[in-house]
Structure formats: structure tokens, C-alpha cells
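The values are calculated or read from the model by the stated rules, or taken from the named source; none is laboratory data. All of these numbers come straight from a predicted model, not from anything done at the bench. All Cβ positions, glycine included, derive from the backbone under ideal geometry; neighbour counts span all protein chains shown. These accessible areas exclude ligands, DNA and RNA; they are computed on the full protein's heavy atoms, side chains included. Shrake-Rupley method; radii C 1.70, N 1.55, O 1.52, S 1.80 Å.
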Amino acid sequence: MVGKKSGRALLREEGLQRTDNNMEFTTWPQVNMINQKNYYTDFLKRDDQILALRLQQDERLDRRKRAAVDIDRARAHGVTEGVPYGEPDPDQEVDEDEPMDDAGSENYGSKTIILHPGSQNLRLGLATDALPKTVPMVIARKSDHSEAEVSEPKPKRLKTDGPSEEWFGEDFANQYNAMAQDFKASRRASKRRVLPNSRELVTKWNSTTEPEIISEHNDPLRIDWTELPAEPSKAPEYFVGAPALRIPEDSNPRYKLSWPLRRGWLNEKDYYSRNMLERDFFLIMEESIKEQLNLPNKKDWSQYSCVFIIPDLYEKVLVAQVLRQLIVDFGFQRVCFIQESLAATFGAGHGSACIIDMGAEKTSIACVEDGMVIEDSRMNLKYGGYDMTETFVKMMLFDRFNYSDFNLMRRHDFLLAEELKEKYTTMSDESISVQQFEFHLRAHGQQTRKYTFKLYDEGFLAPMGYFRPEIFDHSDKLVDRRKLVPRSVDLYDGRPNDPLSQAQLAVIDYARQNIPSAVVAAPTNPAAPRGTPLPAPTPSKPRPLGLPSHLTTNGENGDTTPRSSVAGSPPPEDIGTPQPTDNPTAAPSTAPDDPLTSQIDTAALDRTAPIMPLHRAILTSIEHAAGADDRRRRDLLGSIMVIGGASKTPSLGAYLELQLRQALPQWPKEILVAPPPKDLDPAILVWKGGSVFGKLRMTNDSWIGPLEFDRLGARILNYKCMWHW
Ligand SMILES: Nc1ncnc2c1ncn2[C@@H]1O[C@H](COP(=O)(O)OP(=O)(O)OP(=O)(O)O)[C@@H](O)[C@H]1O
């Protein structure tokens with residue numbers, strides 16, 4: 001047996017046993033292995049070891065002590081005055097969700113500011129206000145040129161000579177004609193009268209009718225342009241909000257307009273430095289609080305709390321920066337965050353709903369149940385009211401609109417386009433026929449021109465773009481994405497950690513397969529021009545509408561196991577940690593053990609604009625929320641609520657309902673699309689929800705104060721968000 005051991009092993013054994021010189025084998029202290037059976041630690045397992053929870057506990061104790069002192073004082077006062085103190089009923093529980101207005105001597109919400117920034121509009125107000133103030137989310141800064149002088153006209157003309165049918169390229173012409181044909185067919189099918197030459201009537205009239213010139217004193221509705229001092233050097237450095245939009249194009253000095261938020265992201269395309277971009281973003285809010293809420297002195301802001309409303313699929317880097325700004329620079333007493341969809345349910349007073357928020361440049365969809373956003377149902381589609389405006393203008397120009405110089409980059413043209421869209425787009429096909437309208441073009445320093453024009457189906461086909469988004473121009477939606485603002489990554493493993501959902505992955509998958517213009521080439525291949533589609537992904541099997549796409553996203557490998565929620569215990573230092581800015585693509589592209597990110601190259605997320613037809617997206621979101629639970633599916637299908645400014649297009653809800661019913665014929669009676677209750681303006685519903693939230697007692701748990709921020713920085717969000725941060 002001994003002979004079988006190697007000589008070296010024998011020597012080692014012998015050496016270990018030899019103590020004949022009475023010396024230890026090593027002077028290094030020997031640590032014995034811990035017996036795993038008896039091993040125990042409560043490190044980070046008790047609430048009192050977590051600063052955020054400890055402070056919260058202390059605050060509660062303080063409040064109780066103060067209340068006890070108040071009661072003692074009231075009792076003593078009662079004795080001296082001879083009026084007995086009315087003891088509270090000990091059996092009566094305090095309703096944590098009850099608004100705080102009754103809680104103190106002063107009106108609680110009057111010192112809470114609600115901020116909801118959007119791509120086009122910032123909404124802000126005090127929690128006690130019935131309605132928010134709406135400020136265009138734009139800033140004008142002194143510059144050598146106006147924005148229209150330095151950028152190409154919008155809608156983008158691919159060809160400027162030749163007939164207007166060729167201006168926007170063959171793709172647009174084909175899609176527009178196909179939509180018009182389908183519309184004609186559907187009108188015939190529903191027994192509506194269709195005249196064969198309607199479009200010819202429109203193009204003929206528009207191409208031959210000249211505008212009428214109206215002298216300034218005969219124009220009753222002149223624009224109030226923003227006035228500038230006669231001496232250019234005394235002109236203010238910047239203007240914010242509506243006055244910025246009213247600065248004449250030819251002003252001296254020139255001003256250039258910037259929109260720091262685009263498509264719900266920071267606008268990296270129009271800025272050259274992250275500092276400038278963030279400075280403008282916060283400056284618009286700061287000036288608006290000063291002016292609109294009448295709080296000119298920043299020192300007073302320390303008495304105010306702030307509820308900040310963020311998208312459902314937010315970017316951690318931005319939220320972390322907002323927290324820093326609100327606490328450190330604005331000096332608010334405390335700050336809390338709430339997601340848009342959840343705020344919408346608060347505003348509407350519903351516990352559960354499927355919220356479709358159609359804004360200017362993004363449309364978000366999420367299912368909310370019992371006060372929680374269902375994580376895997378969240379979607380953020382990059383189209384909205386602006387895409388519809390642009391498409392409407394394109395369609396009119398295609399049909400020889402007599403104001404052929406239309407350019408949405410010019411301030412007065414942008415405002416005019418918004419006006420025409422609000423007046424003449426509709427999704428009710430009853431009102432479609434060749435009709436004559438007029439508008440006034442009021443440009444600074446020029447006489448007013450009155451145009452008379454004809455419209456046929458353009459006002460119907462433009463909002464149809466939500467259901468056939470190939471017609472929208474997606475070409476510049478991802479230009480310069482991640483140029484300035486890096487993606488958030490986990491501090492420990494360096495993996496991207498912004499929230500993502502199965503529903504959003506399904507959208508990206510759809511866009512890659514079906515909408516080539518939504519996909520841009522990988523930046524690693526410098527030879528490929530922007531806008532070149534990615535190499536075609538493996539073709540997926542056609543997916544019928546309504547089939548749970550969470551079962552088909554992995555479908556390539558036959559894995560049809562439903563995914564569990566993304567939720568899990570947050571990594572301890574999981575904050576919006578930026579990675580180096582100059583190469584986003586340097587991020588580890590897949591996270592093999594994360595079921596979500598392992599499905600897709602995460603760098604590819606930035607190269608695909610999430611685009612999907614609206615009705616299809618809603619069903620996909622609901623499928624991810626409901627899974628195999630039919631009761632939940634039925635509930636969600638019956639509580640679809642369409643909100644946001646772009647949802648105000650007449651009859652959009654009814655048309656959407658029809659599309660959903662056609663897509664899911666097996667659930668005809670369950671599907672219900674409703675506007676917000678009580679005639680609430682759909683554009684301000686989210687803000688309204690934020691104001692309700694700001695007045696709830698329970699929000700006390702999500703407030704973040706300067707002390708907590710000082711100690712933990714943005715990591716505090718791990719403990720203070722109502723959802724998995
Ligand atoms: N009556 C109306 N009819 C059609 N569209 C409208 C109407 N009123 C406003 N809109 C559109 O609503 C959009 C603005 O909506 P909203 O203020 O909700 O957007 P936002 O919150 O600024 O943007 P986002 O959600 O994309 O960040 C604009 O495109 C505007 O043209």
C-alpha cells in the first residue's frame with residue numbers, strides 16, 4: 001500500500017509530523033475553518049443597520065413624542081380652562097392613505113411642489129392646486145444663428161425639385177398611397193360614399209390657390225412676439241418656455257431654441273456637452289418654479305418638498321442626477337419619485353388599469369395593479385403627437401399644400417402645425433370628405449397671409465400612423481444616442497442595470513424584424529452609414545396578435561417557460577453609475593445569468609428605436625402582465641385608459657377599441673377603452689396623480705432628505721423607491 005504513495009507525498013506527510021526540533025511548521029497564525037452548521041451573521045439583516053430605515057424610525061418616534069407632548073399640553077390647558085380635552089378614540093386606526101390636509105395646522109400640500117417634465121411640456125404646481133401650470137420645455141439662448149438657420153427643414157425633403165409627390169421619397173409615397181387605398185376600401189365596406197376624384201379635387205385646388213395678403217392693421221389676431229431691448233447687448237442671455245417660442249426668427253441678437261428632453265431622453269443630438277444639456281434641463285424647471293409658482297427666492301425652497309414624476313422605464317443616471325440637483329442645488333426639504341403610470345392611476349382614482357400615455361414624442365404603456373406597476377408590462381414606444389404633426393404636414397405637402405415652404409424647425413410654423421393638427425385631425429371617418437378650410441400665416445416682419453386650402457383624408461390618415469408606424473420618420477430618433485449621457489451600469493459587475501421589461505424587449509424585437517428605418521447600424525462598423533439596418537436577425541415565426549409574446553420572445557430555442565418577474569433583492573450599491581462616456585458600446589453586452597439581458601445584446605438596444613403599432617403594443621403589454629391568468633387579462637382588457645396630450649385626437653379611443661376587438665375577436669365584450677373619469681384633461685392626469693400622491697401619509701416612506709442623501713448619495717434610492725429600483 002505504502003509503495004503506491006509517491007515519494008513526494010510521503011515526504012510531505014513526514015514533514016508535517018516531524019516536531020523533533022520543537023519548531024512550528026510556520027509562524028503564520030492558523031485559522032481553522034468555520035463550522036458552517038454553526039455559522040450565523042446578522043450583518044445587514046436588521047432594520048437598525050440600514051441608515052435609511054433608522055432615520056425613518058427616528059422620525060416616526062419624534063413625531064409620536066411631539067404628538068404626546070401636544071396631547072399633554074392640550075389636557076393641561078383643558079384643566080386650567082375647565083374644558084375637558086376630547087380624547088381620541090383608541091380603537092380608531094389612523095388611515096395611512098388619508099390625505100394629509102387635515103393633519104396639521106397648515107394645509108399640508110401647499111408646501112409640496114409636483115414636477116412632471118415631458119418632451120414638449122413641463123407641468124408643475126403645488127399639491128393643493130387644482131390644475132398645473134404648463135410650460136413648453138424649451139429654452140432659447142443667444143446664438144449666432146437661429147435653429148432653423150442651422151438645421152435642415154422638417155419634414156425632411158429627400159428631393160426638392162420635381163413634383164411634391166417625390167419630395168419625401170418612394171417609401172413614403174408607397175405607404176401613403178397604400179394607407180389611402182385601404183381607407184377607401186374600408187369606407188366602401190362600411191357603405192360610405194367614396195368619390196373617385198376626391199384627391200384630385202384637393203391637389204388641383206391647393207396647387208392653384210394663392211394666399212391672400214392681409215395688412216397688419218386688418219389682422220385682429222396678431223401674435224404677441226417676445227420683445228427684446230433696442231440695444232442688442234442688453235438682451236437677456238436666455239428665455240424659457242412660451243416667451244422662447246415667441247422670439248422672432250430674425251431677432252437681433254439671434255436666439256437658438258433647444259429642447260433638452262426629447263423622446264423622454266436627454267437630448268444628446270443638439271448639445272455638445274453634458275453639462276450644458278443638464279444645465280438647460282434644470283434651468284427650465286428652476287425658472288418655471290420661480291415664475292409660475294411665484295417663488296422667486298431660492299432660499300425659501302428649503303421649506304418645500306418635491307414629488308418628481310419619472311417614466312416607468314426610467315434611466316437611472318438621469319434620476320440620480322435629478323435627485324442630486326433637487327436636494328443640493330434647489331435645496332428642497334425632501335424629494336420623492338413616482339412613476340408616470342402609477343401617478344395616472346392615482347389621478348384617475350383607479351386601483352388597477354392598463355395606462356396608455358401618449359405624449360409628444362413617446363407613448364408609454366404599463367399595467368398597474370393594486371398600486372404597483374407590473375414590471376414586465378412596461379413599454380416605452382418612441383412615437384407620439386409630434387410624429388403625427390410631422391406626418392400630417394407631409395401628407396398635406398404631398399397633396400400640393402399651397403404653403404409649400406412649411407418648416408417645423410421655424411417657430412411660427414411649428415405653432416401653426418400644432419394648431420392645424422388640433423383643428424383638423426380626427427379618427428372619426430364620418431367627417432371625412434373634401435372640405436375647405438383656411439389659416440393665417442403670421443411670420444415676424446411679414447404681412448399676414450391668409451391661405452384657403454382643401455383637405456380630404458389627410459386628417460384621418462395622419463393619426464392612423466399610431467397603428468401603422470412605418471409611415472412615421474424614425475431616421476433621426478437614435479442619432480447621437482449615448483453621445484453624452486452614459487448608460488447606467490452596476491458598480492460591482494459593470495453590467496447595464498437600467499430597468500428593462502419583457503414587453504419592451506418584444507417591441508425591440510418587433511421593430512428589428514418589421515421596421516427597418518427604426519434600426520441603425522452598429523457604430524463599430526464605420527463604413528456603414530447611419531440608418532443602415534442591422535444584419536437581419538434570424539426570422540421569427542409569425543406571431544398572431546394576442547399570443548403571449550413572453551412565450552415567443554425566447555421561442556427560437558423552443559424555450560417557452562414564462563419568465564418570473566425581474567424583481568429580486570437589489571444589489572447593495574446598485575445606483576445610476578455611469579460608465580465612460582466615449583464608448584457606450586464598451587459595456588459588457590450580455591449578462592449570461594440575467595434572464596432579461598441575456599436575451600439581447602444590450603448595446604443593440606441603443607440601435608433600435610422601440611416602435612410597434614399601438615394596438616399590438618397594448619396587447620403585448622397586457623399579455624406580459626397577465627401571463628396565464630385569464631382573470632387578470634379580462635380585468636386589464638376592460639380597464640384600458642388612454643391619456644396624454646396626443647390622446648386628445650377626436651375618436652382615437654373608439655378607433656383603438658375597434659382595432660383591439662378585431663385583433664382579439666375571442667374577447668369582444670371585455671375590451672373597453674376609456675378616457676380619464678370626471679372629464680379630467682388627459683394631458684394633466686399624471687400630474688394630478690402626483691399631487692394626490694404628494695398628499696398621502698404613506699409617501700412618508702419614500703421621502704428622501706438631505707441627511708440621507710449626504711450619507712448615501714443616489715444609493716438611497718434602493719431603499720426609498722416604492723418599486724424595485
Ligand atoms: N387637442 C389635441 N389634439 C391632438 N393632439 C394634441 C391636442 N392637444 C395637445 N396635443 C398634442 O399632445 C402632445 C403633447 O402632449 P403631452 O404634453 O402629454 O406631451 P409631453 O408629456 O410633453 O411629452 P412626452 O410624454 O413625449 O415626454 C403634442 O404633440 C400636442 O400636439
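Report whether or not Arg262 is within 16 Å of the ligand (Cβ to nearest atom) and farther than 12 Å from Val485 by Cα. So Arg262 fits the description; yes. The lone criterion from (1) surrounded by fewer than 22 Cβ atoms within 10 Å (Cβ to Cβ); (2) in contact (Cβ under 8 Å) with a residue 60 or more places away in the chain; (3) within 12 Å of the ligand (Cβ to nearest atom) left unmet by Tyr403 is number (3).
Restricting attention to the stretch 18-59, the residues that are open to solvent by 80 Å² or more (accessible area, probe 1.4 Å) and within 27 Å of Trp703 (Cα to Cα) total 8. Against the list (1) under 21 Å from Phe414 (Cβ atoms); (2) part of a helix (DSSP H, G or I), the condition Ala140 fails is (2). Taking first residues from the stretch 438-456 that are over 30 Å from Phe183 (Cα atoms) and partners that are among the aromatic types (Phe, Trp, Tyr), the Cβ contacts under 7 Å between residues at least 6 apart in sequence or on separate chains come to Leu441/Tyr403; Leu441/Tyr451; His444/Trp225. Evaluated against (1) away from the ligand (no atom under 16 Å from the Cβ); (2) part of a helix (DSSP H, G or I); (3) under 22 Å from Phe282 (Cβ atoms), Ala343 falls short on exactly one condition, (1).
Each row is one residue, and each column tells you yes or no for (1) within 30 Å of Leu44 (Cβ to Cβ); (2) surrounded by fewer than 17 Cβ atoms within 10 Å (Cβ to Cβ); (3) within 16 Å of the ligand (Cβ to nearest atom).
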position: Asp630; (1), (2), (3): no, yes, no
position: Ser647; (1), (2), (3): no, no, yes
position: Tyr655; (1), (2), (3): no, no, yes
position: Leu672; (1), (2), (3): no, yes, no
position: Pro676; (1), (2), (3): no, no, yes
position: Asp679; (1), (2), (3): no, yes, yes
position: Val686; (1), (2), (3): no, no, yes
position: Glu708; (1), (2), (3): yes, no, no
position: Asn718; (1), (2), (3): yes, no, no
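Please work out if Asp101 is at pLDDT below 75 and part of a helix (DSSP H, G or I).
yes
Taking the stretch 253-278 as the range and being hydroxyl-bearing (Ser, Thr, Tyr) and either surrounded by 20 or more Cβ atoms within 10 Å (Cβ to Cβ) or touching a Pro at 6+ places or on another chain (Cβ under 7 Å) (or both) as the test, the residues that pass are Tyr255, Ser258, Tyr271. When the stretch 597-625 is limited to residues that are modelled with pLDDT of 95 or more and farther than 21 Å from Glu470 by Cβ, the one that is farthest from the ligand (Cβ to nearest atom) turns out to be Glu623.
Pairs are defined by a Cβ separation below 7 Å, a sequence spacing of at least 6 or placement on different chains, a first member in the stretch 236-263 that is within 30 Å of Leu381 (Cα to Cα) and charged (D, E, K, R), and a second member that is open to solvent by 20 Å² or more (accessible area, probe 1.4 Å) and within 16 Å of the ligand (Cβ to nearest atom); the pairs so defined are Arg263/Lys362.
Take the residues in the stretch 307-329 that are open to solvent by 10 Å² or more (accessible area, probe 1.4 Å) and assigned to a loop (DSSP other than H, G, I, E, B), then tell me which one is nearest to the ligand (Cβ to nearest atom). Out of the qualifying residues, it is Pro311.
For Ala360, are the conditions met, namely being within 16 Å of the ligand (Cβ to nearest atom), assigned to a loop (DSSP other than H, G, I, E, B) and either touching a residue at least 40 places away in the same chain (Cβ under 8 Å) or open to solvent by 10 Å² or more (accessible area, probe 1.4 Å) (or both)? For Ala360, the condition - within 16 Å of the ligand (Cβ to nearest atom), assigned to a loop (DSSP other than H, G, I, E, B) and either touching a residue at least 40 places away in the same chain (Cβ under 8 Å) or open to solvent by 10 Å² or more (accessible area, probe 1.4 Å) (or both) - is met. Any residue at all in the stretch 299-306 that is farther than 27 Å from Ile223 by Cα, touching a Gly at 6+ places or on another chain (Cβ under 9 Å) and within 16 Å of the ligand (Cβ to nearest atom)? No.
Within this structure, Gly371 passes the test of being surrounded by fewer than 24 Cβ atoms within 10 Å (Cβ to Cβ), among the small types (Gly, Ala, Ser), at pLDDT below 95 and on the phi > 0 side of the Ramachandran plot. Among residues that are closer than 23 Å to Tyr403 by Cβ, of a type outside the set (Phe, Trp, Tyr) and crowded, with 16+ Cβ neighbours inside 10 Å, Asn177 is not included. Give Ile139, Ile114 a once-over and let me know the one that is more than 26 Å from Thr226 (Cα to Cα), crowded, with 17+ Cβ neighbours inside 10 Å and within 16 Å of the ligand (Cβ to nearest atom). After ruling out the rest, the residue left standing is Ile114.
Within the stretch 275-296, identify whether any single residue is touching a residue at least 24 places away in the same chain (Cβ under 8 Å) and within 13 Å of the ligand (Cβ to nearest atom), and answer yes or no. The answer is yes; a qualifying residue exists. Residues of the stretch 143-160 include none that is over 20 Å from Thr389 (Cβ atoms), touching a residue at least 60 places away in the same chain (Cβ under 8 Å) and within 16 Å of the ligand (Cβ to nearest atom).
Among all positions in the stretch 365-379, there is no residue which is within 16 Å of the ligand (Cβ to nearest atom), in a helix (DSSP H, G or I), among the acidic types (Asp, Glu) and under 24 Å from the mean Cα position of the chain (by Cα).
Against the definition (in contact (Cβ under 8 Å) with a residue 24 or more places away in the chain and either among the charged types (D, E, K, R) or not in a strand (DSSP E or B) (or both)), how does Phe332 come out, yes or no?
Taking the combined requirement at face value, the residue satisfies it.
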